[in-house]
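Laboratory data are not the source of any read-out in this text; all were calculated from the coordinates shown. Because the structure is predicted, anything quoted here is derived from the model rather than measured. Cβ coordinates were reconstructed from backbone atoms using ideal geometry, including for glycine residues, and neighbour counts include every protein chain displayed.
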Amino acid sequence: MPLPAQSPRTVSVSTTDAQYDILIGSGLIAEASSWSGLPSAACALIVSNTTVAPLYAPVLREALAAHFADVSVLELPDGEAYKTWDSLNLVFDHLLSAHSDRRTVLFALGGGVVGDMTGFAAACYMRGVPFVQVPTTLLAQVDSSVGGKTAINHPRGKNMIGAFYQPRRVICDLDTLQTLPERELSAGLAEVIKYGPIADAAFLAWIEDHVDALRSRDPDALSHAVQRSCEIKAWVVGQDERETGLRAILNFGHTFGHAIEAGLGYGQWLHGEAVACGMLMASDLSVRLGLMPEPFVDRMETLLRRAGLPTTGPALGTERYLDLMRVDKKAVAGEIRFVVIEALGRAAVRSAPDDVVVEVLERRTAVA
């Protein structure tokens, strides 16, 4: 059931080349004002997937009809396994078949996979057309829809082919979280939890106090979690849009997590599930490097479990983990670099001896 109408909360993102707003609230997809002030065009394309489109594409299409003469919908296959060139080409095929011009506006209606692919398509089609993020998962609302990272996967590495390309607006309609499967909600909580250790110790404590409310989809708790997560990400992206320094801290847990996703095959674990295990491994690594006290690992493990997330990585083998992590985008000349916690609310990117990383993997992964 939709939540009561409320004025949306707004978080602004400012980078060197772009400025846009994130609107957070209930009923925003159907609200006409959500779509005012966007670039003028005759045509719009809603890119969604086979799961989300039946739920929300008709409402979005009706809302956009007041602003665009022609609004079409493209449904892509659902899942991380389809974040590929073949799926990306379906977007290009549709645009070219419809004779879409460079004013055409793309709307990414779905989770992180849809958002990443739609943004990448927008960055490439006619060398750049405007796009809007309409994230329908918690993970996408708090992370992937914000900041302009767009990409597809390669069998050798996650998100290795893509572009930095900022959206014109992000619409976080909290109503969409009410239809989210439990597993997807927990996966999104992993990215919410991430922001505490890297940037805001008080937010980490708030999450610990409200994790049960978040899992039960309490509207006020979700609204605050999405807003604070977006505020932190907007602050980081505003200082380092293209990840030359500070922005890398947003990848806390992702070096290990991406290895899990690639090693298992994309789609076997949800992104947030892999990141959860990765955060626990990175927390353990922070302790072994002498940066954090041992109780920090226990604290993170307890919170992740309460959020319904896995805390033991799959048995890929330590050499396989190391090989996959050497493909990570933070790696330099084959040297693996990890986001570690130096103090609660402060993160850094560091290398670590392989033998120490192996100790973490042996403790935090399943036995084959």
Cα gyration tensor, the stretch 9-160 - rounded (a/c under 1.5), prolate or oblate
rounded
Could you work out how much longer the chain between Val356 and Ala81 gets when fully extended? Use 0.36 nm per residue separation minus the Cα distance between them, nm to one decimal.
95.8 nm
Rounded, prolate or oblate, given the Cα gyration tensor of the stretch 183-364, with a/c below 1.5 counting as rounded?
prolate
What are the ³J(HN,Hα) values, in whole Hz, obtained from phi via the Karplus relation 6.51 cos²θ - 1.76 cosθ + 1.60 with θ = phi - 60°, for each residue of the stretch 214-225 in sequence order, with x given for Gly and Pro?
5, 5, 8, 6, 4, x, 5, 5, 4, 4, 5, 4
At R0 = 25 Å, how high is the FRET efficiency between Ala30 and Asp101 if r is their beta carbon distance? Nearest 0.05 is fine.
0.35
Antiparallel %, DSSP beta bridges [both residues in the chain], to 5:
45 percent
Placing each pseudo-label 7 Å from Cα in the direction of the beta carbon, Gln268 and Gln178 end up separated by a distance in nanometres of 3.7 nm
Separation of the Glu62 and Ser40 label points, Cα + 7 Å toward Cβ, nm
2.8 nm
If amide H atoms are modeled at 1.01 Å from N in the peptide plane, then the residues at a separation of 5 or more from Ile46, or on another chain, having amide H under 5 Å from its own are Ser72, Val73, Leu74, Phe107
Could you tell me which of rounded, prolate or oblate describes the chain, using a ≥ b ≥ c as the square roots of the eigenvalues of the alpha-carbon gyration tensor, with rounded for a/c under 1.5 and, failing that, prolate when a/b is larger than b/c and oblate otherwise?
prolate
In nanometres, the difference between 0.36 nm per residue of separation and the alpha-carbon distance of Gln19 and Glu294 is 94.9 nm
